[in-house]
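Trainee: Would you mind keeping the following structure in view while I ask a few things?
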Amino acid sequence: MLRHSIGVAAIAAIIAGGATPASAAGTLTKAWVSSAGADGTSCGPIATPCRTFTGALAVIAAGGEIDVKDPGAYGPGPILINKAVSIVNDGVGTAGVQAGAGVNAFTIQAGVNDGVYLRGLTIDGGGVGANGIELDSAGALDVIDCTIRHFSVTSAFTTGNGVLIAPTSGYMAVTLVDVVASDNGYSGVQYRPPSGNATFDATFTKILANHNSVGINVGAGAATGALAVTISDSVTSENSASGVYFNGNGAGSVLTLRNLVSTQNGVGVGAYPGAGDMVFFSKTTLSANSQYGLYNNATVYSLGDNLISGNHADVFNSSGLSTADAYK
Amino acid sequence: MRSRRDVGRLAPRCLTLAALAMSTVLASAPAGAAGLTKVWVSSKGADGAGCGPIAAPCRTFTGALSVVAPSGEIDVKDPGAYGPGPILITQAVSIVNDGVGVAGVQAPSGQNAFTVQAGANDAVSIIGLRIEGGGVANNGVEFDSGAALTMRHCTVRDFYASGVWIAATSGSVQATFADVIASENGNDGLAFAPNSGSASFSGVFDHVVAIDNYEGVGIYSSFTSGTVSVTVSNSVIDNNGGFGFYFGDNSSGTNSLNMESSTFNQNDVGVGVEPNALTSIFISDASATGNASYGLYNNGVVHSFGNNLLSGNGTDVYNLSALSRVDALR
């Protein structure tokens, strides 16, 4: 729980520092991109839009917003984001970013106070790209109404992810809303600090993670920091290994699954909490999974309103499926 | 807990007074001078006395407001930046972007994007806009007076103070927020917080996402003598640095709060309530987990339907004995 006292300070700092031009090359607070645009030092106004997100990032100030004027391909990756910025397509049509073999579509290496916001993008790896969004550092990342698909795994954990969140220090908050993460060779969405003591809060809501190896993969085991993650109103399906996988490190992490449907995977939910970690299930359906509905390696808490049935085996270690923590 | 909240709010409020004065001086909208019931804006438009028809659209919301009739509608023709703030709304009006692309409003440092100072019977509707503070603008929407505020399918983010601050000091305000994302704001994502007066408030928050603010949604009626009625449903109020949701009513009103089918997770305090003795509070199908200090900080009486997940917090429930179980599900 100590984790969150760090978080409070960090969020305050994000807000206070939201416009700090720490790494700003550009000066515009608003830059447009268009398939009819052209990159250059003066691009950005709606009458003279930029052509690519990389071009727009070069002219936008820290804390600014890049908006999509019309449908187009605004990559390719790798697109490096190293400051607070929003990239927004609000329904003009496809705003796409593709990534070539072995590279990320987006790589985010921003400051600890920087908020990054992506909305309305179609991010496609074409079966060869490394990761859709690799988040190494930032204060906060919001991904809204995006599709992230078909990235290829060449080395476990670090490639083949729709979203890979891999900090090594500090505090980070990530929110995904209305995101489709599908057809990725490793994980649809993965949190995996490779080492260090990073702390992490995340809310994943209205997610469809389909036909990956792991749908939503929350793994803290390689590092020492705690996390608190909520997955709600979401579907994880047809993932060959697991719909949801959680590997805790005993630092007092909390994983909350609420109104999740995890079906037709190998394992619906694989839970490996450490001592001191807590996993809660409520209103969750685990069915038609080819191995286990719930593979429970320790103790997890059911609120008693979950449907775990119709799997090859419904629950591994059912004695560790505790209903002691009932609703209040 | 109160001291932290007050510290968080004081500085921005002082700024707000200055910003309010400036917005009154700077805004060019001649209130009531207008006549069109439908006015279009376009990034290719031009403001002026003849703007408004779809073939001759205005360029900015401020320009459109100067030609639209009371109770008229301003529609977005194509993607564009239709600010900057401060945009002053002094009449009933509806501003609508129905999915043409980004219709954005930004505001400079210390200014509001929108300031609403409408009449006691005026309803204001804001639909489909992206309102962005860049970390330096004051509030996304400051609502000082009017009968109703409806915001739907809007994003309000990265303001120095609050995403939406309802500050009315008189009358009765009905606010509806549906499909609104309020994030990364320095005070509240969405707030009712008058500094004085007698305003009553009815608020509906449905399918709201309030994340990464200092406080997600705050209802403060300590300084108004009016009554307050609030419903929060189907919402995600997570990852805020202080309270996810706060309801404090030291006034004497017969107030009510209903929280239904929402998450209040991973904040410092998921839900904090400090009601007066006349207030009824119900919570159903809610989740408060992973909050550092409290899941539910209950300084009054909260009626639970017994279907709430309040676990995995620093302390799950403060004043647990006053979490009153009602078996009233029928």
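Trainee: Taking the Cβ-Cβ separation of B:LYS38 and A:ASN317 as r and a Förster radius of 45 Å, what is the calculated FRET efficiency to the nearest 0.05?
Mentor: 0.10
Trainee: Kirkwood hydrodynamic radius, region A:183-328, all distinct C-alpha pairs: what's the number in Å?
Mentor: Across region A:183-328, the inverse of the average 1/r is 14.6 Å.
Trainee: Ok, one more. Can you list the HN-Hα couplings for region A:204-215, worked out from phi with the Karplus curve (6.51, -1.76, 1.60; θ = phi - 60°), rounded to whole Hz and with x for Gly and Pro?
Mentor: Once rounded to whole Hz, the list reads 10, 9, 6, 9, 10, 10, 10, 6, 9, 6, 10, x.
Trainee: Now a separate question. Could you derive backbone 3J(HN,Hα) for region A:84-97 from the dihedral phi with the Karplus parameters 6.51, -1.76 and 1.60 (θ = phi - 60°), listing whole Hz in sequence and x where the residue is Gly or Pro?
Mentor: 5, 6, 10, 10, 10, 10, 9, x, 7, x, 5, 10, x, 9
Trainee: Return a whole-number percent for the relative contact order of region A:173-251, with Cα pairs under 8 Å and 6 or more residues apart as the contact set.
Mentor: Computed value for region A:173-251: 33 percent relative contact order.
Trainee: At a Förster radius of 25 Å, what calculated FRET efficiency corresponds to the Cβ-Cβ distance of A:SER155 and A:SER309, to the nearest 0.05?
Mentor: Plugging the Cβ-Cβ distance into 1/(1 + (r/R0)^6) gives 0.10.
Trainee: Angle check, please: helix B:2-26 long axis (alpha carbons) against the longest principal axis of chain B (alpha carbons), in degrees 0 to 90, nearest 10.
Mentor: Taking Cα atoms only, the helix is inclined about 10 degrees.
Trainee: A further question on this structure: Modelled label-to-label distance, A:SER35 and B:LEU278, 7 Å Cα→beta-carbon offset: nm?
Mentor: My value for the distance between the label points is 6.1 nm.
Trainee: Can you bin region A:87-173 into rounded, prolate or oblate? Criterion: square roots of the alpha carbon gyration tensor eigenvalues sorted a ≥ b ≥ c, rounded for a/c under 1.5, prolate for a/b above b/c, oblate for the rest.
Mentor: Because a/c hits 1.5 or more and a/b fails to exceed b/c, region A:87-173 counts as oblate.
Trainee: Given N residues in chain A, what is its alpha carbon radius of gyration divided by 2.2 N^0.38 Å?
Mentor: 1.00
Trainee: Continuing with this model, one more query. Where the eigenvalues come from the Cα gyration tensor of the protein assembly as shown, what are the semi-axes √(5λ) of the equivalent ellipsoid, largest first, in whole Å?
Mentor: Taking √(5λ) for each Cα gyration eigenvalue gives 38, 32, 20 Å.
Trainee: When Rg is the radius of gyration of the Cα atoms in region A:282-328 and Rh is its Kirkwood radius, what does Rg/Rh come to?
Mentor: Reported Rg/Rh (Cα atoms, Kirkwood Rh): 0.97.
Trainee: Next question. Can you give the % of DSSP beta bridges in region B:138-267 that are antiparallel, to the nearest 5?
Mentor: Around 0 percent antiparallel, to the nearest 5.
Trainee: Go through region B:248-265 residue by residue and turn each phi into a ³J(HN,Hα) via Karplus (6.51, -1.76, 1.60, θ = phi - 60°); whole Hz please, and just put x for glycine and proline.
Mentor: Result, rounded to whole Hz: x, 9, 7, 6, 9, x, 8, 9, 9, 9, 10, 10, 9, 6, 9, 10, 10, 10.
Trainee: Using only Cα atoms, what Kirkwood radius does region B:95-223 have, in angstroms?
Mentor: One over the average 1/r among Cα pairs gives 14.1 Å for region B:95-223.
Trainee: What's the center-to-center distance, using Cα atoms, between region B:92-162 and region A:219-281 in Å?
Mentor: 38
Trainee: Give the share of C-alpha pairs in each 5 angstrom bin for region B:197-298, from 0 to the last occupied bin, in whole percents, shortest bins first.
Mentor: Pairs per bin, as whole percents: 3, 15, 26, 24, 18, 11, 2, 0.
Trainee: Quick one: divide the alpha-carbon radius of gyration of region A:131-250 by 2.2 N^0.38 Å and tell me what you get.
Mentor: Computed over Cα atoms of region A:131-250, the ratio equals 0.93.
Trainee: A further question follows. Could you tell me the calculated FRET efficiency between B:VAL301 and B:SER225, based on Cβ-Cβ distance and R0 = 35 angstrom, to the nearest 0.05?
Mentor: About 0.95, to the nearest 0.05.
Trainee: From Cα pairs below 8 angstrom and at least 6 apart in sequence, can you work out the relative contact order of chain A, rounded to a whole percent?
Mentor: 9
Trainee: Next question. What is chain B's relative contact order, in percent, from Cα pairs under 8 angstrom and six or more apart in sequence?
Mentor: Reported relative contact order: 8 percent.
Trainee: Next question. Give me log10 I(q)/I(0) at q = 0.10, 0.15 Å⁻¹ for region B:64-169, Debye formula, one equal scatterer per alpha-carbon, no solvent.
Mentor: For the requested q values the scattering log ratios are -0.23, -0.54.
Trainee: So if I take the centroid of the Cα atoms in region A:49-128 and the same for region B:69-89, what is the distance between those two points in Å?
Mentor: Rounded to whole Å, the Cα centres lie 27 Å apart.
Trainee: Related question: Kindly express, to the nearest 10 degrees and within the range 0 to 90, the angle between helix A:2-16's C-alpha long axis and the longest C-alpha principal axis of chain A.
Mentor: The two axes meet at around 20 degrees.
Trainee: Taking the inverse of the average 1/r across all pairs of different Cα atoms in chain B, what Kirkwood radius in Å do you get?
Mentor: Every distinct Cα pair counted, the radius reaches 19.8 Å.
No lab work stands behind these numbers, since they all come straight from the coordinates. None of these values were measured; they are calculated from a predicted model. Note that we place each Cβ from the backbone using ideal geometry, even for glycine, and neighbour counts take in every protein chain shown.
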